[in-house]
1. On the given criteria, is Thr59 touching a Phe, Trp or Tyr at 6+ places or on another chain (Cβ under 7 Å) and closer than 23 Å to Gly25 by Cβ?
2. Given the criteria in contact (Cβ under 8 Å) with a residue 40 or more places away in the chain and aliphatic (A, V, I, L, M), does Ala113 qualify?
3. What number of residues in the stretch 41-65 are of a type in the set (S, T, N, Q) and closer than 17 Å to Asn117 by Cα?
4. With the requirement that a residue be within 19 Å of Lys62 (Cα to Cα) and either aliphatic (A, V, I, L, M) or touching a Ser or Thr at 6+ places or on another chain (Cβ under 9 Å) (or both), what does the stretch 119-142 give you?
5. Going residue by residue through the stretch 47-68, is there one that turns out to be surrounded by 16 or more Cβ atoms within 10 Å (Cβ to Cβ) and part of a helix (DSSP H, G or I)?
6. Looking at Arg111, is it under 19 Å from Arg43 (Cβ atoms), touching a Ser or Thr at 6+ places or on another chain (Cβ under 8 Å) and among the basic types (Lys, Arg)?
7. Identify all residues within the stretch 69-86 that are assigned to a loop (DSSP other than H, G, I, E, B) and open to solvent by less than 20 Å² (accessible area, probe 1.4 Å); write none if there are none.
8. Any chance you could count how many residues in the stretch 114-165 are under 22 Å from Gly96 (Cβ atoms), surrounded by 22 or more Cβ atoms within 10 Å (Cβ to Cβ), in contact with a helix residue (DSSP H, G or I) (Cβ under 7 Å, 6 or more places away or on another chain) and of a type in the set (A, V, I, L, M)?
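The values are calculated or read from the model by the stated rules, or taken from the named source; none is laboratory data. Since the model is a prediction, treat every value here as computed from it, not as a measurement. With ideal geometry, Cβ positions are generated from the backbone for all residues, glycine too; neighbour counts draw on all protein chains shown. In case anyone asks, the SASA skips ligands and DNA or RNA and just uses the protein heavy atoms, side chains included. Shrake-Rupley method; radii C 1.70, N 1.55, O 1.52, S 1.80 Å.
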Amino acid sequence: MGWLVQDDIPTRKVPPMCGIIGYIGHQDAQEVILDGLRRMEYRGYDSAGIAIESEGRLTVAKKAGKLANLVSELEGHAIPSSSHGIGHTRWATHGGPTDENAHPHLAQSGRVALVHNGIIENFASLRDELIAEGIDFHSETDTEVASQLLGLEVEKQNSLLEAMRVVCNRLEGAFTLVAIDSEDDSSVVA
């Protein structure tokens, strides 16, 4: 079960999204997201990560292994305070349990961060298409394909919501995507 939290509405459960947390509100997003990830640790996972939007920039921290590894990383390399972000615990499907394969993934532009659960069956052909367009990949995951597509689409659409609709129509498989846009601190799109 995943949680989507917003300060001005009651906390509500959303459809199952094992290991995904999204937050917009007035509290410190990092603490809210880490607390949510801690609550889901019992489900099993091989890596954890967080993306925070602050002052129009995305900062990502992610580590292979237990959530404690990510917490240690954050203690050693503080990220900006924010009230907007996403977090994820991953169970590897494409690519091994490494820091590079952990979620969230950034689009090449750095504008969009995305987390994903499930499987994108047509990721290989989409990856080839994106490589031909000059996109560089830093992981072995199907998730990074979705983040790169979303990054390109948000530049065209200038709306994360509309870009997400376009991208989801291109993907084949069973999946959940959650993303934030550094240029829109008012939404988390799932």
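1. Judged against the criteria, Thr59 is not a match.
2. Judged against the criteria, Ala113 is a match.
3. Residues in the stretch 41-65 being of a type in the set (S, T, N, Q) and closer than 17 Å to Asn117 by Cα: 1 in total.
4. Across the stretch 119-142, the qualifying residues are Ser139, Glu140, Thr141, Asp142.
5. For the stretch 47-68, residues surrounded by 16 or more Cβ atoms within 10 Å (Cβ to Cβ) and part of a helix (DSSP H, G or I): present.
6. no
7. If the condition is that a residue be assigned to a loop (DSSP other than H, G, I, E, B) and open to solvent by less than 20 Å² (accessible area, probe 1.4 Å), then Ser82 is the only one that fits.
8. 4
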